[in-house]
1. Do we find that R126 is closer than 30 Å to D30 by Cα, surrounded by fewer than 13 Cβ atoms within 10 Å (Cβ to Cβ) and more than 15 Å from the chain's Cα centre (by Cα) in this structure?
2. I'm checking my understanding of the structure. Among residues of the stretch 33-82 that are out of contact with any His (no Cβ under 7 Å at 6 or more places or on another chain) and charged (D, E, K, R), which one is farthest from R19 (Cα to Cα)?
Amino acid sequence: MVMCRMTDAAEIDHSKLVRAVPLLEGLHADAITEIVGVSRLYHAREGSILFNAGDHPLGLLFLISGRAKVVHTLPSNDVLTVSKVDAGHVVGGEEFLTGTPYSYRAVMMNDGLIFRVEMSGFEELRKAGHGAVSRLSRVLAVELEQNTGSIAERIHGIFSKPENALPHFEALTMKHIQTAKI
């Protein structure tokens, strides 16, 4: 990722930032200034790895533009795309809130811009009792709940109609057969 540090929070047009980062909607200008003060903007190129499985979160990643995919590497070294994240959404939000390591890798599908709330700055605001932190956490929790529901629906779809997932599993099986050393 190519990093581009944000300018002084006082110089940022909050209305543009809120349009680009909907998580900030409903926050007062002072709260936005506090969050922007502990945040950075990153330019990420297609193929950039945002984080790997096992990494600890350094911040909350919000896609302003571009798309990312969340992938899991199977024991066979096959890479399974778990989900795709569009601009306007968070990547790795649960780990950010819990401080647990990522269990997957996130990779940019095309060039994009990422707004990252730095973990250390967020913790400082939290310890100081800033309201912006609780508001941001509540909004993030709602988004995580919606994402979890979407993943649960996909899993339900696979098990309720396994034939829908059959082409994917057949492709993986063929790949194993073709690469097997006999």
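The values are calculated or read from the model by the stated rules, or taken from the named source; none is laboratory data. Quick caveat: nothing in here was measured; it's all calculated off a predicted structure. Quick reminder, even Gly has a Cβ in these numbers, built from the backbone with ideal geometry, and neighbours come from all protein chains shown.
1. Details: closer than 30 Å to D30 by Cα: yes; surrounded by fewer than 13 Cβ atoms within 10 Å (Cβ to Cβ): no; more than 15 Å from the chain's Cα centre (by Cα): yes.
Here the answer is no, as R126 does not meet what is asked.
2. If we filter the stretch 33-82 for residues that are out of contact with any His (no Cβ under 7 Å at 6 or more places or on another chain), which is where we start, we get 33, 35-62, 64-75, 77-79, 81.
Among the residues that remain, those that are also charged (D, E, K, R) are: 40, 45-46, 55, 67, 69, 78.
Values: R40: 17, R45: 22, E46: 23, D55: 30, R67: 17, K69: 23, D78: 38 Å.
Result: D78.
To keep it simple, each residue is scored yes or no on (1) modelled with pLDDT of 85 or more; (2) among the aromatic types (F, W, Y).
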site: S15; (1), (2): no, no
site: V18; (1), (2): no, no
site: E25; (1), (2): no, no
site: E34; (1), (2): no, no
site: V38; (1), (2): yes, no
site: Y42; (1), (2): yes, yes
site: A53; (1), (2): yes, no
site: H56; (1), (2): yes, no
